[in-house]
Amino acid sequence: MRRRIVFVDDYRPANIGGGERHLLRIARGCREAGWLTSIVCAPGSGLEAHARQDGHEVWPVHTGRMVIRDRQALSALFARLSPDIVHSHGFYATLIAASAARQAEVAHILSTVHNMPSAPLHLHPNARGRLELSLRNALFRRIAQSVDRFVGVVPAVRDELLTIGLDPDKLVVIENGIPDPAIDVRPVAVPAKSGVIRVGSVGRFERLKSYEHFISAAAIVASERDDTEFRLIGDGSLRESLMTQAERLHLRDRIVFAGWSEDPISEIAAMDIYVVSSVTETTNLTVLEAMGLSRPVVATDVGGIADAVTDGVGGYIVPPRREDLLARRICELAADAALRESMGAAGRRRFEESYTEERMITRHLDLYDQLAGADGPQ
């Protein structure tokens, strides 16, 4: 009998995020290894569309709401599918999936933690953040009673879960991995400008990405160098405020808000310097894509980014919310083509060593076999 794994995700937007790409890569690897794969996701979400396109069995169920009927519907689905493993992705997905899976007597439950547990405090460094952090920590301890393994995508996730009081035997680290981005890069519709250094970033325009600091740094760089151009690929609730900030800082002719792209890898390939200004992250997948494309990275020292980007080797690491230091490092790279090339090459080597898709999938399959391999024939 073939083993079945059900993935559960709580991402609702019509686009698809890094965590959802991560989930789909693991699901494809499972299917190729002989598992039956099902994906539970928000109705109408980008993940639903991509999962159907990939040929997975898809079950549109609301998983980001703490509603009893949603949990009951999910529990009934688990009982019908009788999976060997339920693997949830996302904090709210885990809250509902862990309870529903235990009710349905699923043998093994895993949860991948894509965001730093301390994220509320970094997003709201005040009383609100402390309250949210306290509540989240309590919920982590509660769901840990049902979850067999928490999978952190960087060691920093494991470290924070340990401080909350979770059992170290339940904590596993499997670093993110992506397909080689250099294999299928296509030209993007970016007008060629001789001698222009393109500095850019890809992501959601939300608080955690802190693009207001990217724009402030861009203004500093623009005041010192005439040869730089800035490009933001993405969208989100802060788009209008970011565009207003850029206008106020006289960046109208120096920064492009390009919107969402169906081919972000080719967008990154068109950049000379890749920047991450986040105040909280685990490992930003676009950082790995930039490394795989031999692009030097300037990024904030949050989560596990410094594990991927060695400061002074594959790029530069700066403290969050320090646009002055962000700008300084961008200027250093903009001024030195040889440095950009050497750091890009170092990032490529680091990618090949530690962040390939094959490595990540193999480690997940090993974990699944460890939990469910002895439960019955394959």
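Checked against the criteria, residue 303 does not count as of a type outside the set (A, V, I, L, M, F, W, C), free of Cβ contacts under 8 Å to residues at least 12 places away in the same chain and either within 22 Å of residue 114 (Cβ to Cβ) or open to solvent by 10 Å² or more (accessible area, probe 1.4 Å) (or both).
Looking for something in contact with a Gly (Cβ under 6 Å, 6 or more places away or on another chain), among the aliphatic types (A, V, I, L, M) and open to solvent by 10 Å² or more (accessible area, probe 1.4 Å) - is there at least one such residue anywhere in the stretch 284-292? The answer is yes, given that some residue of the stretch 284-292 is in contact with a Gly (Cβ under 6 Å, 6 or more places away or on another chain), among the aliphatic types (A, V, I, L, M) and open to solvent by 10 Å² or more (accessible area, probe 1.4 Å).
Screening 232, 251, 242, 339 for residues that are among the aliphatic types (A, V, I, L, M), in contact with a Pro (Cβ under 8 Å, 6 or more places away or on another chain) and either assigned to a strand (DSSP E or B) or surrounded by fewer than 24 Cβ atoms within 10 Å (Cβ to Cβ) (or both) leaves exactly one candidate, 339.
Whenever a residue of the stretch 260-278 is in a loop (DSSP other than H, G, I, E, B), its partners that are among the hydrophobic types (A, V, I, L, M, F, W, C), lying with C-beta atoms within less than 6 angstrom and at least six residues away or across chains, give the pairs 261/233; 270/188; 270/190; 272/197; 277/214; 278/208; 278/302. Among the conditions (1) touching a strand residue (DSSP E or B) at 6+ places or on another chain (Cβ under 7 Å); (2) assigned to a loop (DSSP other than H, G, I, E, B), residue 281 misses just one, which is (1). Counting only residues that are open to solvent by 40 Å² or more (accessible area, probe 1.4 Å), without any contact (Cβ under 8 Å) to a residue 60 or more places away in the chain and more than 24 Å from residue 73 (Cβ to Cβ), the stretch 104-127 holds 4 of them.
Checked against the criteria, residue 316 does not count as open to solvent by less than 10 Å² (accessible area, probe 1.4 Å), in a strand (DSSP E or B), touching a helix residue (DSSP H, G or I) at 6+ places or on another chain (Cβ under 9 Å) and among the aromatic types (Phe, Trp, Tyr).
Among the residues of the stretch 345-366, at least one is in contact (Cβ under 8 Å) with a residue 12 or more places away in the chain, surrounded by 23 or more Cβ atoms within 10 Å (Cβ to Cβ) and under 23 Å from residue 197 (Cα atoms).
Residue-by-condition table, conditions (1) in contact with a His (Cβ under 9 Å, 6 or more places away or on another chain); (2) part of a helix (DSSP H, G or I); (3) of a type outside the set (Phe, Trp, Tyr); (4) surrounded by fewer than 19 Cβ atoms within 10 Å (Cβ to Cβ):
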| position | (1), (2), (3), (4) |
| --- | --- |
| 88 | no, no, yes, no |
| 95 | no, yes, yes, no |
| 98 | no, yes, yes, no |
| 129 | yes, yes, yes, yes |
| 137 | no, yes, yes, no |
| 142 | no, yes, yes, yes |
| 147 | no, no, yes, no |
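Of everything listed in (1) closer than 16 Å to residue 179 by Cα; (2) in contact with a Pro (Cβ under 8 Å, 6 or more places away or on another chain); (3) among the hydroxyl-bearing types (Ser, Thr, Tyr); (4) not in a helix (DSSP H, G or I), the single unmet condition for residue 294 is (2).
Of all residues in the stretch 204-229 being open to solvent by less than 50 Å² (accessible area, probe 1.4 Å) and not in a helix (DSSP H, G or I), which is nearest to residue 299 (Cα to Cα)? Here the answer is 210. Against the conditions (1) open to solvent by less than 40 Å² (accessible area, probe 1.4 Å); (2) among the hydroxyl-bearing types (Ser, Thr, Tyr); (3) at pLDDT 95 or above, residue 82 satisfies every one except (1).
The values are calculated or read from the model by the stated rules, or taken from the named source; none is laboratory data. From a predicted model like this one, the values you see are computed outputs, not experimental measurements. Note that each Cβ is placed from the backbone with ideal geometry, even for glycine, and that neighbours are counted across all protein chains shown. Side chains are part of the model used for accessible areas, which takes the heavy atoms of the whole protein and leaves out ligands, DNA and RNA. Shrake-Rupley method; radii C 1.70, N 1.55, O 1.52, S 1.80 Å.
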